[in-house]
Amino acid sequence: PRYRPDWASLDARPLPAWFDRAKVGVFVHWGVFSVPAWGSEWFWWHWQGQHDAAYERFVRRRFPPGTTYAEFAPRFTAHDFQPRQWAQLFKRAGARYVVLTTKHHEGFTNWGSPVSWNWNSVDTGPHRDLVGELGEALRESNLHYGLYHSLMEWFNPLYLADKQNDFKTQSFILKKTMPELYDLVLKYKPDLIWSDGDWEAPDSYWNSTSFLAWLYNDSPVKDTVVVNDRWGQGCSCHHGGFYNCADKYRPGTLPDHKWEMCSSLDRLSWGYRSNMSLPEVMDEMSVIEELVQTVSLGGNYLLNVGPTKEGVIVPIFQERLLALGRWLETNGEAIYESQPWRVQMENTTDTLWYTSKGPVVFAIFLLWPRDSVLCLSSPIPSPGTQVTLLGVAGTLEWQKHPEKGMLISLPYMLPSPLPPQSGWAVKLEGVK
């Protein structure tokens, strides 16, 4: 069927199946904001949009008087950017898709956009097509490629003029935003478009529905592409493909629409900060906890890293990604291609979550029970029920709980002053 440029028609499009099966993605925030590498990726706005005193002081101390944001661009060198190494790291992290910022709200494009003269990664800074190079490397590694794109640009004169006119004019859309979106799709054939920067104006200003109708009807990725829900005021959590709703969104109960939780390893920023300290970085346990809760509630988990201006993913981020990958090597069967079960979490605790695949149920417990006996109240066992612990050979002994559910005897763990920290999954066959 042809999709019409209205939400009723566009929202009826089934979501391509690869996205729900993938479950795990990596988000990459990289741009000119990686040069000051301080505060957050909203550096330019805090400094010159809000005139935040801390940002003004930072620039005064570190840069010559009269420095402009544009002067940071040549220092965005990407000297050490090795796309194949990134792709291998993301693959080893267990990611099935990767989303790169092609353009943040600063307007600088990470490819040679024909409508972003001199404010792009080919004309200045790296003198490289970062979007294209990473895409090639990811496809070699069989990873899906998503492109983040901001509809608005804080200081673009065309955007500011439209805003001044209460968004009754559209010169910014016709000369900048739409040409770039079409260019990205035709050039890089993305599997996902992660839209952002939509909140100041309605979708009618952005021309969102006509772009999406073209994307779904006539673009080279019409059958495979997935989009999010940030296409204009009031769209979030209501229209589009999968729902983001808000950054770091946690629904609490099972939503009736496919969603994604985006989270960042640096708890305080999406872009790289040179003054980041260890307590501000998510630990392995927190990452696994977020992943498990998200997938149990039917979501995908998109975990962000901010590379340096040279294109380095700092070792602490690599370490966290590889820890996630090791956990998924053992427990991925309970995550990838899973579905929410009839019960998502054990009602007494938020440390025990369920997923399922057909008749098989997985119980993922985030804390090791004190006496090594796992008590599950939700599954109803049968005489033929079989229980295994992912990553451990052989089956586990279990018995019916006197009141409800079942008691599972876990393997003996070596004594340690600290409880083992990371999350485990038992596979239950023959339960209801």
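A few comments on the model shown:
- Of all residues making up the range 254-275, the number that are assigned to a loop (DSSP other than H, G, I, E, B), open to solvent by less than 70 Å² (accessible area, probe 1.4 Å) and under 19 Å from ALA22 (Cα atoms): 3
- For CYS237, the criteria (1) assigned to a loop (DSSP other than H, G, I, E, B); (2) open to solvent by 30 Å² or more (accessible area, probe 1.4 Å); (3) in contact (Cβ under 8 Å) with a residue 12 or more places away in the chain hold in every case but one, which is (3).
- Count of residues meeting criterion [open to solvent by 30 Å² or more (accessible area, probe 1.4 Å) and touching a strand residue (DSSP E or B) at 6+ places or on another chain (Cβ under 8 Å)] in the range 369-387: 6
- When the range 337-350 is limited to residues that are among the hydroxyl-bearing types (Ser, Thr, Tyr) and open to solvent by 30 Å² or more (accessible area, probe 1.4 Å), the one that is nearest to ASN300 (Cα to Cα) turns out to be THR349.
- Of the listed requirements (1) under 23 Å from GLY39 (Cβ atoms); (2) open to solvent by 10 Å² or more (accessible area, probe 1.4 Å); (3) within 19 Å of the chain's Cα centre (by Cα), LEU278 misses just one: (3).
- From the options ALA54, ALA8, ALA12, ALA73, residue that is open to solvent by 50 Å² or more (accessible area, probe 1.4 Å) and either part of a helix (DSSP H, G or I) or not aliphatic (A, V, I, L, M) (or both): ALA8
- Extreme residue, surrounded by the fewest Cβ atoms within 10 Å (Cβ to Cβ), among residues of the range 351-368 that are touching a residue at least 60 places away in the same chain (Cβ under 8 Å) and more than 23 Å from VAL287 (Cα to Cα): PRO359
- Unmet criterion (only one of (1) outside the structural domain of LEU291 (by the TED database); (2) open to solvent by less than 50 Å² (accessible area, probe 1.4 Å)) for TRP327: (1)
- Of the residues making up the range 244-253, not a single one is in contact with a strand residue (DSSP E or B) (Cβ under 8 Å, 6 or more places away or on another chain) and not in a loop (DSSP other than H, G, I, E, B).
- Against the list (1) over 20 Å from ASN120 (Cα atoms); (2) open to solvent by 20 Å² or more (accessible area, probe 1.4 Å); (3) under 24 Å from the mean Cα position of the chain (by Cα); (4) not aromatic (Phe, Trp, Tyr), the condition GLN82 fails is (1).
- When each of ASP247, ASP166, ASP223, ASP218 is tested for being modelled with pLDDT under 95, open to solvent by 30 Å² or more (accessible area, probe 1.4 Å) and assigned by the TED database to the domain that holds PRO114, the lone residue that passes is ASP247.
- Complete set of residues in the range 304-315 that are open to solvent by 40 Å² or more (accessible area, probe 1.4 Å) and more than 13 Å from LEU89 (Cα to Cα): LYS309, GLU310
- Test result for SER210, part of a helix (DSSP H, G or I), touching a residue at least 12 places away in the same chain (Cβ under 8 Å) and polar (S, T, N, Q): yes
- Residue check for THR109: buried (at least 21 other Cβ atoms within 10 Å of the Cβ) and in the same structural domain as ALA17 (by the TED database): yes
- Members of the range 86-129 found to be β-branched (Val, Ile, Thr) and in a loop (DSSP other than H, G, I, E, B), listed by number: VAL115, VAL122, THR124
The values are calculated or read from the model by the stated rules, or taken from the named source; none is laboratory data. From a predicted model like this one, the values you see are computed outputs, not experimental measurements. So basically every Cβ, Gly included, is an ideal-geometry build from the backbone, and we count neighbours across all protein chains shown. Calculation scope for accessible area: heavy atoms of the full protein, side chains included, ligands and nucleic acids excluded. Shrake-Rupley method; radii C 1.70, N 1.55, O 1.52, S 1.80 Å.
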